[in-house]
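Only one structure is covered here, and it is reproduced in the block below.
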């Protein structure tokens, strides 16, 4: 494999990983009747916050999820937004 093919393969894998991460976050939120906070998503999916938050932000920007207007406490006793599926 030459260098340019290797770079293209790495970029493709990174994109696939991000798509898979977004799909996992969307599915977790969709499967929760009470929505999920970032902290809950990170726990459920075994994802680091620096991975989960950007993917969740992409879902919000695409209007696939939204802020429910509700907050819940995290494990660190901080209030966090509860994310829900955007049905509109």
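Could you look through the stretch 26-40, keep only residues that are under 12 Å from residue 72 (Cβ atoms) and in contact with a helix residue (DSSP H, G or I) (Cβ under 9 Å, 6 or more places away or on another chain), and pick out the one that is surrounded by the most Cβ atoms within 10 Å (Cβ to Cβ)? Explain how you work it out, then say what you get.
Within the stretch 26-40, the subset under 12 Å from residue 72 (Cβ atoms) is 32, 34-40.
Adding the requirement that they be in contact with a helix residue (DSSP H, G or I) (Cβ under 9 Å, 6 or more places away or on another chain) leaves 32, 35-36, 38-40.
Details: 32: 16, 35: 19, 36: 26, 38: 19, 39: 17, 40: 20.
So, considering only residues that are under 12 Å from residue 72 (Cβ atoms) and in contact with a helix residue (DSSP H, G or I) (Cβ under 9 Å, 6 or more places away or on another chain), the one surrounded by the most Cβ atoms within 10 Å (Cβ to Cβ) is 36.
Go through the stretch 68-82 residue by residue and tally those that are more than 14 Å from residue 41 (Cβ to Cβ) and touching a strand residue (DSSP E or B) at 6+ places or on another chain (Cβ under 7 Å). Please lay out each step first, then the result.
Going residue by residue through the stretch 68-82, those that are more than 14 Å from residue 41 (Cβ to Cβ) are 69-71, 73, 76-79.
Next, only the ones that are touching a strand residue (DSSP E or B) at 6+ places or on another chain (Cβ under 7 Å) stay: 70-71, 73, 79.
Number satisfying all stated conditions: 4.
Identify all residues within the stretch 76-88 that are at pLDDT 95 or above and either surrounded by fewer than 11 Cβ atoms within 10 Å (Cβ to Cβ) or more than 19 Å from residue 33 (Cβ to Cβ) (or both); write none if there are none.
In the first step, residues of the stretch 76-88 are kept if they are at pLDDT 95 or above; the result is 76-86.
Within the stretch 76-88, 76, 77, 78, 79 meet the criteria.
Every residue, every condition in (1) in contact (Cβ under 8 Å) with a residue 24 or more places away in the chain; (2) part of a helix (DSSP H, G or I), yes or no:
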| position | (1), (2) |
| --- | --- |
| 24 | no, yes |
| 28 | no, yes |
| 42 | no, yes |
| 60 | no, yes |
| 67 | no, no |
| 72 | yes, no |
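Surrounded by 15 or more Cβ atoms within 10 Å (Cβ to Cβ) and either farther than 16 Å from residue 87 by Cα or at pLDDT 95 or above (or both) - does that describe any residue in the stretch 9-19? Write out each step before concluding.
Going through the stretch 9-19, the residues surrounded by 15 or more Cβ atoms within 10 Å (Cβ to Cβ) turn out to be none.
No, the conditions are met nowhere in the stretch 9-19.
Return yes or no: is residue 23 in contact with a helix residue (DSSP H, G or I) (Cβ under 6 Å, 6 or more places away or on another chain), under 15 Å from residue 64 (Cα atoms) and either surrounded by 11 or more Cβ atoms within 10 Å (Cβ to Cβ) or at pLDDT below 95 (or both)?
On the way: in contact with a helix residue (DSSP H, G or I) (Cβ under 6 Å, 6 or more places away or on another chain): no; under 15 Å from residue 64 (Cα atoms): yes; either surrounded by 11 or more Cβ atoms within 10 Å (Cβ to Cβ) or at pLDDT below 95 (or both): yes.
No; evaluated as a whole, the condition is false for this residue.
The values are calculated or read from the model by the stated rules, or taken from the named source; none is laboratory data. Bear in mind the structure is a predicted one, so any value in this text is a computation, not a measurement. Every residue, glycine among them, receives a Cβ derived from its backbone with ideal geometry; neighbour counts consider all protein chains shown.
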